Amino acid sequence: MKKICFLAVLLSLFTALPAEEYLLYDFENYEIGTKFNLKNVPGRPVGEGSYAVVAADPTDSNNKVLHVLLVNSWDTYPEYPLPDGFTAADFCTYQSVAFSLYRPQVLPKNNDYMQTAVWLGDKKVYQEEHPNYPDQGPRDTWLEKRYAFTPVETEASNFLLGLHSDNMEYYLDNIRLVRAEKGYDYTDETQTLRYYVEKCGNGKHIGVATPSSWKNVIDLNNDLHDMSQTVFRNFNMVVAEDNMKFAYIEPSQGNFEFGYTDALVAFAERHGMEVRGHTLCWHKQLPDWVTTSEDRNSHNYSSDSLLSILRNHITTIVSRYKGQIAEWDVVNECLADDQGNLRNPANKDKYFLRPSVWSKGIGAKLEWSYDNTGGDFIDSAFFYAHRADPDAKLFLNDYGVECGGRKADAYYNLAKHLIEKKIPIHGVGLQCHFDAGVLDSAGLVRQIQRFQELGLEVVITELDIASSGKQADEFRTIANIFMEQENCSNMVLWGVSDRDSWRNSSPLLFDADLAAKPAFFAVRDALKRQYVLSVAPVPNDARPQSPYVDVYNLAGQKIASGMRRESVNFLPTGIYIVDGEKVMVR
């Protein structure tokens with residue numbers, strides 16, 4: 001049955017479906033019993049009794065497949081020679097590797113550990129990382145698997161592909177490479193997001209979070225990589241998804257790991273992009289030497305000791321990137337989720353902090369800040385960052401504060417309090433991690449305008465929207481709000497592709513193969529609309545123009561009746577006749 005399914009895939013190549021595939025192995029030309037080499041990536045011995053051998057398909061004896069059995073062989077994969085005349089460079093011209101997988105109803109000893117990995121020679125191009133191993137699907141069933149990979153520079157003549165665990169059994173077939181159609185040409189700048197946001201000339205940025213280094217899907221040092229090009233062609237601002245958080249940039253006290261951030265800053269400089277810093281002070285993703293619990297001061301540090309830790313951390317990082325990182329999320333998610341005490345009229349101007357090593361360890365009254373004095377750690381963090389780079393813009397950042405409610409009121413109160421204390425704050429971040437169908441656009445506008453009254457910028461810092469039938473429309477709405485609200489300076493997508501998102505709800509603009517989704521085109525339309533409005537000519541005469549027009553092509557054929565005048569600018573590229581005059585749509 002799976003062979004018939006694969007034939008359908010091949011036939012699709014001749015029916016103009018948007019994919020090109022190259023079959024590497026279907027094992028039909030091998031004799032039953034042919035052995036393939038097993039390789040352990042760290043170079044340890046392969047467990048005795050392990051093998052990879054051509055066998056009959058367990059569901060159809062007329063088909064040949066590769067049968068893999070691993071015994072005490074962690075990080076072990078079958079090794080496949082590249083076809084004659086097919087080079088590693090050829091391999092890397094594709095974006096995805098695909099294969100058929102069958103696992104019998106026999107559980108490995110460590111059933112939770114079943115990673116898929118792909119290596120080209122000795123360079124890893126894809127691997128699922130703990131603790132995010134996906135469900136590999138039902139057993140006793142052939143499944144189609146497909147993974148976007150990161151191209152590498154190598155002259156390898158073989159590749160590795162398989163699953164691993166200490167002990168496991170599986171079958172593989174139809175190993176192939178897939179080149180996915182993007183749906184747009186990112187080498188044509190007029191088809192990208194960046195083109196239109198920059199053409200507006202209002203200084204706004206559309207940004208994206210680059211995947212964590214351990215996801216192994218982007219090489220910031222290689223501008224030829226597909227994901228790298230998707231990023232710098234479509235966005236003019238970048239932020240690190242994880243690598244600048246405390247646990248990763250200062251894993252042990254006083255020892256900083258700047259490799260990823262250095263590469264990100266250099267990447268941005270090469271491509272004329274801004275960089276956001278995320279994040280300097282947060283209760284999560286802290287190294288154990290700071291605390292072993294996100295909601296308490298587990299090492300019983302004194303207030304002075306914690307302030308010293310925070311000061312050294314912020315000063316070292318911000319000083320290093322002075323003049324290179326434009327803005328920072330200084331304090332992230334400091335508010336308690338429950339702001340129910342704001343119901344008391346006496347608390348209407350207050351805010352309540354979440355318990356953390358910072359709020360509990362710095363200042364005697366800061367466990368929940370019922371006294372409305374604010375957290376000394378918040379004030380201090382902003383001052384440390386400002387002293388290290390007086391020209392950088394400094395932001396609060398939080399979630400659940402985007403569209404109104406008590407937490408939104410508390411966020412406003414905190415920002416207002418910092419301004420009144422003359423703390424060097426320039427703006428606030430609204431994360432905008434939205435589930436499907438919950439967007440309150442009017443509430444979002446009210447919240448943005450509320451901060452404008454305080455003289456603060458607003459950045460949409462971590463936008464993603466769970467997939468639904470309304471996803472594209474909701475992305476369009478938010479993009480329109482971003483472009484229309486004067487003090488909303490930047491909009492940042494929290495990730496590039498659905499495959500690498502921290503959420504499993506396909507919440508981004510690009511799918512697993514970096515193909516543009518309807519949400520991408522909706523955002524691009526919103527940016528293009530704002531650009532068109534920004535350059536619309538002012539009529540020379542005072543005669544009112546009808547808001548509706550008939551549109552003709554150059555052959556004199558009517559192609560639209562009663563179209564809204566501004567909608568003409570969203571027709572396909574070409575020349576049209578409107579009100580008896582030629583109009584060019586680019």
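The values are calculated or read from the model by the stated rules, or taken from the named source; none is laboratory data. This is a predicted model, so every value here is computed, not measured. Heads up, the Cβs are rebuilt from the backbone with ideal geometry, glycines too, and the neighbour counts pull from every protein chain shown.
So the values come out like this:
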| read-out | value |
| --- | --- |
| Flag if L107 is of a type outside the set (S, T, N, Q), modelled with pLDDT of 95 or more and either in contact with a strand residue (DSSP E or B) (Cβ under 6 Å, 6 or more places away or on another chain) or assigned by TED's automatic domain parsing to the domain that holds E21 (or both) | no |
| Close pairs (9 angstrom Cβ cut-off, 6 or more residues apart or separate chains): farther than 20 Å from G429 by Cβ in the range 261-280, of a type in the set (D, E) anywhere | A263/D219; F267/D223; R270/D223; H271/D223 |
| Flag if L418 is farther than 18 Å from D329 by Cβ, buried (at least 18 other Cβ atoms within 10 Å of the Cβ) and modelled with pLDDT under 95 | no |
| Some residue of the range 424-438 being under 30 Å from L509 (Cβ atoms), at pLDDT below 90 and assigned to a loop (DSSP other than H, G, I, E, B) | yes |
| Candidate set: the range 186-203, residues that are touching a helix residue (DSSP H, G or I) at 6+ places or on another chain (Cβ under 6 Å) and in a loop (DSSP other than H, G, I, E, B); chosen: the one surrounded by the fewest Cβ atoms within 10 Å (Cβ to Cβ) | C200 |
| Subset of the range 114-131 (residues that are at pLDDT 90 or above, buried (at least 19 other Cβ atoms within 10 Å of the Cβ) and in contact with a Ser or Thr (Cβ under 9 Å, 6 or more places away or on another chain)) | L120 |
| Only one of E144, E169 that is touching a Cys at 6+ places or on another chain (Cβ under 8 Å), surrounded by fewer than 22 Cβ atoms within 10 Å (Cβ to Cβ) and not assigned by TED's automatic domain parsing to the domain that holds T261 | E144 |
| L286 vs. criteria at pLDDT 95 or above and outside any loop (DSSP other than H, G, I, E, B) | no |
| Matching entry among S308, S252, S298 (being among the hydroxyl-bearing types (S, T, Y), surrounded by fewer than 21 Cβ atoms within 10 Å (Cβ to Cβ), in contact (Cβ under 8 Å) with a residue 40 or more places away in the chain and in the same structural domain as K393 (by TED's automatic domain parsing)) | S298 |
| Residues that are touching a Phe, Trp or Tyr at 6+ places or on another chain (Cβ under 6 Å) and within 21 Å of Y186 (Cβ to Cβ), drawn from the range 230-248 | R233 |
| Single residue of the range 290-326 satisfying the filter (out of contact with any Phe, Trp or Tyr (no Cβ under 9 Å at 6 or more places or on another chain) and among the β-branched types (V, I, T)) that is modelled with the lowest pLDDT | T292 |
| Residue that is surrounded by the fewest Cβ atoms within 10 Å (Cβ to Cβ) [pool: residues in the range 575-586 that are at pLDDT 75 or above and either basic (K, R) or out of contact with any Gly (no Cβ under 9 Å at 6 or more places or on another chain) (or both)] | E581 |
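Residue-wise test of (1) among the charged types (D, E, K, R); (2) part of a helix (DSSP H, G or I); (3) more than 18 Å from the chain's Cα centre (by Cα).
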position: E257; (1), (2), (3): yes, no, yes
position: T261; (1), (2), (3): no, yes, no
position: V265; (1), (2), (3): no, yes, no
position: G277; (1), (2), (3): no, no, no
